[in-house]
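Reading through the C-alpha cells given below for one structure.
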Amino acid sequence: MQLSSDLISDPLPLPDFFAMDLEASMRKSVEATQRTFNTIRTGRANPSLLDKLSIDYYGADTPLKALATLSTPDSQTIQIQPFDRGSMALIEKAIAMSDLGLTPNNDGKVIRINIPPLTADRRKDFVKLASKYAEEGKVGLRNLRRDAIDKVKKLEKDGEFSEDQSRDEQDKIQKLTDRYITEVEKHLADKEADILKV
C-alpha cells in the first residue's frame, strides 16, 4: 500500500525514543485498515476478498493463499488453483460456509467463483461496512495518540519536560494523528467510490 508522500517525507520531531515507534504504529494501523477494506466486495472480482478465509487443512487453520494460487481470469470470476487436489473439497466447503455469500464451482481441476453484480442495496450495505472499518481504524489511531500523550505527560511529571515542551510535543502528536486519520478517510473515500462504481 502506498502512503501519501507527505506522511513519509515530513516526520514530526517527537522525542527520539518513541517518535519512530509512534509513527510506525500509526502507519501499521492505516495499513491494517486498508487490508480490511480489501475484504469488502466491489462489483469486480478481486482475490483479496478471500484474504480472511482459512481452511482446516490437516488439523491446522491455513490461509487460502498458502494452499492455492488465486487469479482473476476476467472481471467477474475468481479462480482458485489448489496446489494439492486433495484440498479442493476443503477449500470449496470453507468458501460455501463463509459469510462471503459466494458459491464455489469445482470442475475437478480449479474452483471458480462468479462474482455477481452488486444490487444498489448491497452497495449501500458495503459502504456502511467500509465506514465501520474506517471508524475502527480511527479509534486505533486515537488510542495510539492517547498512549503517546500519556508518555509525554509522564515525562513532564518526572521533570524531563517543561510545561511548554510537553504542550508542544502533545501538539505534534495530535498533528501526526490528524495526518493518519486523513489518510484513513482518503482510503475510505476511494473504497466507497469503488463500491458505488457500476
*Answer label for Kirkwood radius over Cα pairs in Å (calculated), chosen among (i) 17.8; (ii) 18.6; (iii) 19.4*: (iii)
*Name the residues whose placed amide hydrogens come within less than 5 Å of the amide hydrogen of A68, ignoring near sequence neighbours (fewer than 5 apart) on the same chain.*
F83
*Unit charges at the beta carbon, dipole of segment 47-114: most positive-side option, G59, L100, T72*: T72
*Over segment 47-114, what relative contact order in percent results from Cα pairs under 8 Å that are six or more residues apart?*
27
*³J(HN,Hα) computed for each position of segment 179-196 - Karplus, 6.51 cos²θ - 1.76 cosθ + 1.60, integer Hz, glycine/proline x*: 4, 6, 5, 4, 4, 4, 5, 5, 4, 5, 4, 4, 5, 4, 4, 4, 5, 7
*Based on the inverse mean of 1/r over its pairs of different Cα atoms, what is the Kirkwood hydrodynamic radius of segment 112-189, in Å?*
15.1
_For segment 47-114, radius of gyration divided by Kirkwood radius, i.e. Rg to Rh on alpha-carbons_ = 0.91
*Out of segment 32-90, which chymotrypsin sites (Phe, Trp or Tyr not before Pro) are coil in DSSP terms and have no more than 14 other C-beta atoms within 10 Å?*
Y58, F83
*A60-I149 pseudo-label distance in nm [points 7 Å out on the Cα-to-Cβ vector]*: 4.4
*Rounded tilt (10° steps) of 88-97 against the dominant C-alpha axis of the chain*: 60
*Virtual paramagnetic centre 7 Å along Cα→Cβ of M97, amide N under 19 Å, in segment 31-68*: 50-68
*asked:* Can you pull out the trypsin sites (Lys or Arg not before Pro) in segment 70-169 whose DSSP state is coil and whose Cβ has at most 13 other Cβ atoms within 10 Å?
replied: K109
*In whole Hz, what ³J(HN,Hα) sequence does segment 111-126 give by Karplus (6.51, -1.76, 1.60; θ = phi - 60°), x for Gly and Pro?*
10, 10, 10, 7, 9, x, x, 7, 7, 4, 5, 5, 4, 4, 4, 5
*asked:* I'd like the GluC sites (Glu not before Pro) in segment 95-198 restricted to DSSP loop residues with at most 15 other Cβ atoms within 10 Å, sorted by number.
replied: E160
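Bear in mind that the values in this text are calculations on the coordinates, not laboratory data. From a predicted model like this one, the values you see are computed outputs, not experimental measurements. Every residue, glycine as well, gets a Cβ built from its backbone with ideal geometry; the counts of neighbours run over all protein chains shown.
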